[in-house]
Amino acid sequence: MQCTWLIDGADNRTIQLYVDDFATECGWDHVYIYDGDSVYSNLLAVYSGMVQLDKFATHNLTSLEAKSGSAYVHFYSDAAYNMTGFKITYKYHSCPSISSALNCSGNGACDPESGLCTCNAGWGGRACSEPHCPRDCSGHGECDQQRHRCRCHRGYRGSDCSQLEEEGFWELLPPSPYPPSKYVPAGRASHAAIIKGDSIWLFGGESFTPTAFVVKYDINAFL
Ligand SMILES: [Ca+2]
């Protein structure tokens, strides 16, 4: 089954799209969101799988901005297995947030003219959804107020210092600046990635928009 929705703002108003619920069969049922009126427009994101909002801070989805005045949403589901689906809300003259029910994720003030959030102390990111020091650094680090992040004790890693380095760890790499950026590849679903040395190799995946099959990140370029 395939469904498409076109949100037509008509007067080039920025559209904010909030993913309030999402549960599709991971790797098989996909949602594509474009900034424009067709699949040939700029691909903002591809989603597949489940999102557990408010449970894991790093899994919250920040809203998407369609600046062209239109947004095109395409859903593809294969015949084999269905989940509960998704709820996407859109608004004009609004700000980034992890939920359509909250301004700036509940951690800041929204300027509807500019569409920018002013975050409360201790919060960052364009949607004020990223605590500077998650979980108070888990007791394994100190909050660096100048750099707005945890400074982990030796042997601990992660944004909240909760992971033992010797057991392997993962960290989010902030793409900078926020898209559009030549350093951020177009969205895709069901891709694979490996880390080798100081590089992340990303390959494959589903996308309607032509994308490079292989993308190589230099981890150090983000630091
Ligand atoms: Ca399916």
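The values are calculated or read from the model by the stated rules, or taken from the named source; none is laboratory data. All of these numbers come straight from a predicted model, not from anything done at the bench. When we count neighbours, we look across all protein chains shown, and the Cβ atoms used for this are built from the backbone with ideal geometry, even at glycine.
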Unmet requirement for ASP11, which otherwise passes all of (1) farther than 21 Å from SER99 by Cβ; (2) buried (at least 16 other Cβ atoms within 10 Å of the Cβ); (3) out of contact with any Asp or Glu (no Cβ under 6 Å at 6 or more places or on another chain): (2)
Selection status of TYR34, of a type outside the set (Gly, Ala, Ser), in contact with a Leu (Cβ under 7 Å, 6 or more places away or on another chain) and farther than 20 Å from HIS93 by Cβ: yes
Test: residue in the range 136-144 that is modelled with pLDDT under 90 and not in a helix (DSSP H, G or I): no
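Quick one: would you say GLY85 is within 16 Å of the ligand (Cβ to nearest atom), more than 16 Å from the chain's Cα centre (by Cα), on the phi > 0 side of the Ramachandran plot and surrounded by fewer than 18 Cβ atoms within 10 Å (Cβ to Cβ)?
It is true that GLY85 is within 16 Å of the ligand (Cβ to nearest atom), more than 16 Å from the chain's Cα centre (by Cα), on the phi > 0 side of the Ramachandran plot and surrounded by fewer than 18 Cβ atoms within 10 Å (Cβ to Cβ).
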Complete set of residues in the range 88-121 that are of a type in the set (A, V, I, L, M), over 18 Å from HIS132 (Cβ atoms) and either within 16 Å of the ligand (Cβ to nearest atom) or buried (at least 19 other Cβ atoms within 10 Å of the Cβ) (or both): ILE88
Those strands (runs of 3 or more DSSP E) lying entirely in the range 71-128 with at least 2 residues touching a strand residue (DSSP E or B) at 6+ places or on another chain (Cβ under 8 Å) and aromatic (Phe, Trp, Tyr): 85-92
